[in-house]
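Have a look at the structure below before the remarks.
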Amino acid sequence: MKYVKKYYGVYDLSGDLVFVGRTQLEVGNHLEVNDATVFRTLRAGRRNVANHIVIKYDTEKAVKKSIEVEKTFPKFRDPEDTRFKRMYLAYDLNAELDFGKPMFMNEITKKLGVHKDTVLDGVNKNHLANKHIIRVARSQTVYPKKLSPHCKEFKVYKYNRQGELVAWYTTMSVASRLTGIKYDVIRNCVIKHVSTHEEFYFTDHIPLVGFKKITVKFKAKKEPPTVYVSHNGSREKMTLSKACTYIGTTYVTLKRKINEDPRLLYKGYLIELVS
């Protein structure tokens, strides 16, 4: 009985044909793996070998120039054991790339000081891994140095008074810790949609288009009432709050009196409202 050779199409992860072999040995040599690896993979009903897709065909004409593939994360050859593995990117809480490059699982767990399950939770559940955001690398050479503000981890966005996007954070607590601005100030911005801070406006929602500049609303800063206080030939200018302490009365009482009469004599002090 004559042995009929098969044809093996080798495709990259984009689904494009890169090689056609007549034997599993030829495929193994092309992919730099043992032909037994190709044999076991195909016999088990799988087709992913060395970061490529291998499909067996009966005739040369049946070999397709391209195939549809599921979008999966690519794997890269680990120089330590020559196996193909996924690589990961770690971004700090300022959304900037840390460590400067993609890393294999053993590298990133060592750098962050966490278990591999923590890294996987960072990918699958959007959890932070030792104050880092984890992404799966799609390339060893091309990757974002800073994460987009539209990434699902980010919930708080900081704008300046001109409405220009300055930074983005995972939570209000993280925003408060990194900026030094009180949590209540940030929370009031998010809930009341008006900022009491002098420079920055915070929000939990940005539009998908034109997010780099939005309309911001700041609460008008009220200057505290100022008065002149005259006593025993001296005349001092001070805030109404300080005048209450100086005279020995309550703020509510003195404010009511000064509103009724901007120049009055009270407890032996001449009080004049500064216009």
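One table, with the values for the structure above:
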quantity	calculated
Output for the range 73-118, where each listed residue is surrounded by fewer than 15 Cβ atoms within 10 Å (Cβ to Cβ) and among the hydroxyl-bearing types (Ser, Thr, Tyr)	Thr82
Selection within the range 137-172 - assigned to a strand (DSSP E or B) and surrounded by 15 or more Cβ atoms within 10 Å (Cβ to Cβ)	Val156, Tyr157, Lys158, Tyr159, Leu165, Ala167, Trp168, Tyr169
Residue within the range 214-223 that is closer than 18 Å to Leu273 by Cα and loosely packed, with under 15 Cβ neighbours inside 10 Å present	yes
Whichever residue in the range 1-48 is without any contact (Cβ under 8 Å) to a residue 24 or more places away in the chain and part of a strand (DSSP E or B) and, among such residues, is farthest from Phe76 (Cα to Cα)	Gly21
Residue in the range 213-222 that is of a type in the set (Lys, Arg), under 21 Å from Lys152 (Cα atoms) and either touching a His at 6+ places or on another chain (Cβ under 8 Å) or not assigned by TED's automatic domain parsing to the domain that holds Gly268 (or both) present	yes
Residue match in the range 125-133 (condition: in contact with an Asp or Glu (Cβ under 6 Å, 6 or more places away or on another chain) and on the phi > 0 side of the Ramachandran plot)	yes
Some residue of the range 57-68 being surrounded by 13 or more Cβ atoms within 10 Å (Cβ to Cβ) and part of a strand (DSSP E or B)	yes
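The values are calculated or read from the model by the stated rules, or taken from the named source; none is laboratory data. Everything quoted here is computed from the prediction, not taken from an experiment. No Cβ is skipped: glycine too gets one built from the backbone with ideal geometry, and neighbour counts run over all protein chains shown.
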